[in-house]
Protein chains: 4
Amino acid sequence: MTKIRTGIIGGAGYTAGELIRILMYHPQAELAFVQSSSNAGNPIFEVHRDLVGDTDLVFVADPDFANCDVIFLCMGHGKSKEFVQSNDIPASVKIIDLSHDYRLKSEGNDFVYGLPELNRDLIRGAAHVANPGCFATGIQLTVLPLAAAGLLTGELHVHAITGSTGAGQAPSKTSHFSWRNSNVSVYKAFEHQHLGEITQSVKQLQPSFHKAINFIPVRGNHTRGIFVSTYTEYTGTIEEAIQLYETYYASHPFVFVTGENPDVKQVVNTNKAILHLEKHGNKLMILSVTDNLLKGASGQAVQNMNILFGLDEKTGLNLKPVSF
Amino acid sequence: MTKIRTGIIGGAGYTAGELIRILMYHPQAELAFVQSSSNAGNPIFEVHRDLVGDTDLVFVADPDFANCDVIFLCMGHGKSKEFVQSNDIPASVKIIDLSHDYRLKSEGNDFVYGLPELNRDLIRGAAHVANPGCFATGIQLTVLPLAAAGLLTGELHVHAITGSTGAGQAPSKTSHFSWRNSNVSVYKAFEHQHLGEITQSVKQLQPSFHKAINFIPVRGNHTRGIFVSTYTEYTGTIEEAIQLYETYYASHPFVFVTGENPDVKQVVNTNKAILHLEKHGNKLMILSVTDNLLKGASGQAVQNMNILFGLDEKTGLNLKPVSF
Amino acid sequence: MTKIRTGIIGGAGYTAGELIRILMYHPQAELAFVQSSSNAGNPIFEVHRDLVGDTDLVFVADPDFANCDVIFLCMGHGKSKEFVQSNDIPASVKIIDLSHDYRLKSEGNDFVYGLPELNRDLIRGAAHVANPGCFATGIQLTVLPLAAAGLLTGELHVHAITGSTGAGQAPSKTSHFSWRNSNVSVYKAFEHQHLGEITQSVKQLQPSFHKAINFIPVRGNHTRGIFVSTYTEYTGTIEEAIQLYETYYASHPFVFVTGENPDVKQVVNTNKAILHLEKHGNKLMILSVTDNLLKGASGQAVQNMNILFGLDEKTGLNLKPVSF
Amino acid sequence: MTKIRTGIIGGAGYTAGELIRILMYHPQAELAFVQSSSNAGNPIFEVHRDLVGDTDLVFVADPDFANCDVIFLCMGHGKSKEFVQSNDIPASVKIIDLSHDYRLKSEGNDFVYGLPELNRDLIRGAAHVANPGCFATGIQLTVLPLAAAGLLTGELHVHAITGSTGAGQAPSKTSHFSWRNSNVSVYKAFEHQHLGEITQSVKQLQPSFHKAINFIPVRGNHTRGIFVSTYTEYTGTIEEAIQLYETYYASHPFVFVTGENPDVKQVVNTNKAILHLEKHGNKLMILSVTDNLLKGASGQAVQNMNILFGLDEKTGLNLKPVSF
């Protein structure tokens, strides 16, 4: 079988690095090119320094659309739309966008929201996919089965703690090691930009839902991984809830419901999501752990690519967990 | 003025170490003895190794009640009651207990709950003080002003992330560096033992309160500090809320209301609590950061000692923040 | 081709976990059994909790020698010899021992020292392989080319900083998160047990070498990875040194000489070793970074297995770096 | 007694922050002003956010030399000389410079090198003090007694691991949390700029010394603290060495020789230095741990101030260790 020829636009950032790490060993794909305006001409391993010995590929200035089947847009929020509009991308080239530019439905936006656990069938036939946000992925996985069953009756109470890589590699006050190490802080409480796509997905499954989604995002003191806790009113038993979730995710190879409290390092460096449910009083609590750069970004992008091209969803994504 | 003669029971643990660190430089107190059954006869600095050069004191096997004015019980939960019952502690010796043994009111329990921001006047006249739990302190500080004003009308939604020292020095699976480093996990969701004292305090101020306190405690990837987020329904404006909190805490020298999102390292190695309030929709969010070993344990114990002996509350507690 | 049937003895520890993570996706190998006395009957994913969803295999009490081609001994130092002596292991079953029991040559010890960059040809024909220590691997890689060229003329000055997983999962004072986090400490300076195998290898290549190897091992504040700096007298130019190293390692697919200062995270979760050389005055400094659990343990064990069974050395070892 | 009126030039950086934290509770000193060009007019606690509630002082644009007895220059390397030359600083105002501008002796440089353990008597009578570098402090403390006894006969082999605050608060690639967390790396091996002052001090005590000082500086994965290991040839016994060091440091209140391997957190947030000695073969190894921001910078600056003004060296420096 001919390998899928992949191109990456904006190759110097974190999500691009992760895509390269996955695609260079993907059995059914190959890296046709990695574009980077700022690093054109430089070996990739000079930017992504762990790739010494893995690839001698060099960043290119201009994408070679003619020789690729799919491109991943990794340029950052706001720049994907600009890129798509200012480039003459052949219709034969599929697009997977990792920014938020196309996640929300709107007139003229033909991108399918690329959460396989919500939209797998739609993705299969799509030309363009908007890859979900990292918080948005971890949070949606905690509520999709309830929404699909029309069982969301109360407000959602969501708290999520993210690793530093979620904020990208641009240096800032809050990315400084001396500040962030051993620190915990909050930002954009109740107003995080991912609330839009979360709400959109919930309403897609349960259009009647109109309660508040209270979301407190926290900056953790680690690099990779998102820990989400969600709770909401639920009148069923815990057994019913677990069955609901297990049934919903039965056909989804990266999502697992477990009987114990999860921790972030169970999934770091994998594309997996591990869930855990508990009932306390009238509340159902659902926890999820994901790797923000994989299931929350580049791993999911490859999962989407696999679906787009009719491959097994897990192809190239049997990644060794780092575990420690 | 004669210095307060202090004794520590159970001197080898974390909270005892912190007490020693504070009391050895407290201008109005002196360490009369530090008791430790397991370390009797050994220099303190061999256990608390940062105290090399600070003190040559040696652990003693038996408390010398005759030569002290106050003892701090640092033996761990369940053991304080046992100690008090099996020892003939003179009535002249005040007791500050750092365990949970005496925090909940009950028949025959004459310990005052030692949260100065709630019970300062009661503490002043007390013989026995039950020092609050670390989570309990950080959480109560987020709601006391609302409760005092009778304004708690809805459920409390509480999330708190703690440093590892909150769990003490006994080695366990979840205290292993290889596991905990860069990890995030949850434990005892909705069922943490501190819910008892939190509820007790809220009802002390607002007896009508009978809503759920939903509390998710999280293990963070740092050693010191607790980050609390609480939110609940509130019909007033944010300005009214801030005024309510500023007024409530005006006379309390360790609690500060600030205009920006706080972070844990603002208070590490201090006895301070920093709060921040925001209004989102019909919710008031109150954040607090505290050091679990100081305002959440030993610092607060010394604050209580200061109150018990009529000293300025801050005496000996102008600690240099570590900041980084 | 029939897959290599592998068995793991002592399956609950860190190195066994890493072996499982590698072997479960190794294209030419399969896990025949994972033995653990303490966990017999339990699912592997209950111990190695990141393996949820990856394997449903259950620990067995007794090794099934009849159905395997190779066993990995992961029981800890001192126990391998005991196991080999007390079990009737068929001659057809190859043994790769991860302990130090068979690393030093002695009468009756038929284990080949399994550092492929030193002994690849010997390993190829071996029945039994003694997998090197983690420090020993990282350190030897910094000096093998010099020794092979007979150019070691002065003392070796070696400093190495290791992640916490090198010490295994048994809880101890120095593995406690509250102690180790943000801490740096030294242990067994000049007397580390790996000095034996390092000296043995150096003398194998340069029998005349009789200078001191000064080695200071340091406990770092991270979980995975060893950073080694070695320097020694060297009269050649830096260009000659680089050429010497590049030539030596040209046929070794996991070792790379780079032009920039390396950092540990370049190799974490990979089987690679990255070296860097500088000349200062009359000293040649050689740096190496490796992952103590992979190139320093389980990755190298699989590399040895590949060699033993005539596979490409890299088979199953194209691991996604964690990078952050 | 009138308090010493202190001024800080360049008040927004890390070392200035530490000075403020110490001086605000120093019993014999007061903060006359804190100057910052970039932050003039802003409250200090908006930059040093842990100072909320501790001080309402505001940064000033211009130093008020008339109302101060001593100024601390915290502007960064190269800028102190510029400041001193372009400002008309009254002769009555003592200067303590924390940059490297005046550390090396040269024609016209009247600054005394401010390492109290080397130059206490000279500092006492000085008008201007050049505060030592952080690495330089930790390293010199490991060799001063040997040099003073004329016992340095071989090369010095020095390895030191520093926390991130040593590099200041300017964001850079190597200060990014996502890179530095769990990472170890080296920089400026054999060429670090502190070698100049170290050599100068060693030769001050032992003018005959002319051997190489081999120094490998390492970036650790923590924020505060330097771990130094030094070894060199030594023909005496370990007992003699210990006695030599204990005698040398007997009158120096911040330096302690201990019988056990030290760790960095023993001294974090204190002005102490803890040493440990071992003899291996013909080598004497001397370890030191210090806090790079305190004994390595601002704590030592206050120690120097105390000496300059005839106070007990420890005044204001009985700081609570953070310990965890």
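The values are calculated or read from the model by the stated rules, or taken from the named source; none is laboratory data. This is a predicted model, so every value here is computed, not measured. Neighbour counts are summed over all protein chains in view; Cβ atoms, including those assigned to glycine, are modelled from backbone coordinates with ideal geometry. Please note that ligands, DNA and RNA were not included when accessible areas were found on the heavy atoms of the full protein model with its side chains. Shrake-Rupley method; radii C 1.70, N 1.55, O 1.52, S 1.80 Å.
Structure values in brief
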item	result
Within region C:134-290, percent of DSSP bridges classed antiparallel, to nearest 5	70 percent
Chain C: calculated mean residue ellipticity at 222 nm from DSSP helix runs of at least 4, using -39500 (n - 2.57)	-7500 deg cm²/dmol
Estimated translational D of the protein assembly as shown in µm²/s (Stokes, Kirkwood radius over Cα pairs; 10 °C; 1.306 mPa s)	49 µm²/s
Tail weight of P(r) past 17 Å, computed on alpha-carbon pairs of region D:169-245, percent	63 percent
Computed FRET value (nearest 0.05) for residue C:107 with residue B:314, which takes r as the C-beta separation and R₀ as 60 Å	0.25
Percentage, to the nearest whole number, of Cα pairs in region B:240-324 over 18 Å apart	47 percent
Solvent-accessible ranking of D:272, A:211, largest area first, probe 1.4 Å	A:211, D:272
Shielded by partner chains, region C:254-269 residues - at least 50 Å² of accessible area, 1.4 Å probe, vs chain alone	C:261, C:263, C:265, C:266, C:269
Nearest-to-axis residue of chain A, judged by beta-carbon position, where the axis maps A onto C, in Å	A:322, 2
Protein accessible area in region B:134-290, 1.4 Å probe - carbon and sulfur %	54 percent
Residue B:56/residue D:121 FRET efficiency (R0 41 Å; Cβ-Cβ; nearest 0.05)	0.90
Copies compared at residue C:259 - label distances in nm, ascending, label defined 7 Å from Cα in the Cβ direction	5.2, 5.4, 5.7
GNM result for chain D, Cα springs below 10 Å: residue of D:176, D:26, D:252 fluctuating most strongly	D:176
Average accessible area per residue (Å²) across region B:134-290 - probe 1.4 Å, nucleic acids and ligands excluded	29 Å²
Dipole of region C:134-290 [Lys/Arg +1, Asp/Glu -1 at C-beta], most positive-end residue of C:274, C:134, C:242	C:134
Among A:217, A:286, A:118 the positive-end extreme of the charge dipole of chain A (Cβ point charges)	A:217
Interface B:D - total buried accessible surface [probe 1.4 Å, Å², rounded to 100]	3200 Å²
7 Å along Cα→Cβ, label-point gaps from residue C:42 to other copies, nm, shortest first	3.0, 4.7, 5.2
Ratio Rg/Rh [Cα only; Rh per Kirkwood] for region C:134-290	0.97
Equivalent ellipsoid semi-axes - Cα gyration tensor, region A:61-101, angstrom	17, 10, 9
Compactness index (Cα Rg / 2.2 N^0.38 Å), chain A	0.97
Set B:314/D:265; B:211/B:272; B:3/D:3; A:283/B:211; C:283/D:188; A:283/B:188 screened for pairs whose C-alpha atoms are more than 18 Å apart	B:314/D:265; B:211/B:272; B:3/D:3
Calculated FRET value between residue A:235 and residue A:193, using beta carbons and R₀ = 30 Å, to 0.05	0.40
Carbon and sulfur %, accessible surface of region A:9-113 computed with the full protein complex present, 1.4 Å	47 percent
Between helix A:195-205 and chain A: long-axis angle, C-alpha atoms, 0 to 90°, nearest 10	70 degrees
Candidate lysines for bridging to residue B:81, where Cα separation is under 24 Å - those fewer than 8 sequence places away on the same chain excluded	B:94, B:105, B:295
Nearest-20 debye value, the protein assembly as shown charge dipole, Cβ charges on Lys, Arg, Asp, Glu	0 debye
Intensity falloff of region B:79-219 expressed as log10 I(q)/I(0), Debye formula with alpha-carbon point scatterers, at q = 0.09, 0.14, 0.22 Å⁻¹	-0.34, -0.77, -1.34
Euclidean distance of C-alpha centroids, region B:249-324 and region D:104-129, integer Å	41 Å
Angle between chain C longest axis and helix C:14-23 axis [Cα atoms, degrees, rounded to 10]	80 degrees
Burial of 50 Å² or greater, region D:164-198 residues [accessible area, probe 1.4 Å, versus chain by itself]	D:176, D:177, D:178, D:181, D:182, D:184, D:186, D:190
Crossing angle, helix B:134-148 versus chain B [Cα axis fit, 0-90 degrees, rounded to tens]	50 degrees
Position residue A:3, label points 7 Å along Cα→Cβ, spacing to each other copy in nm (shortest first, one decimal)	2.3, 7.0, 7.3
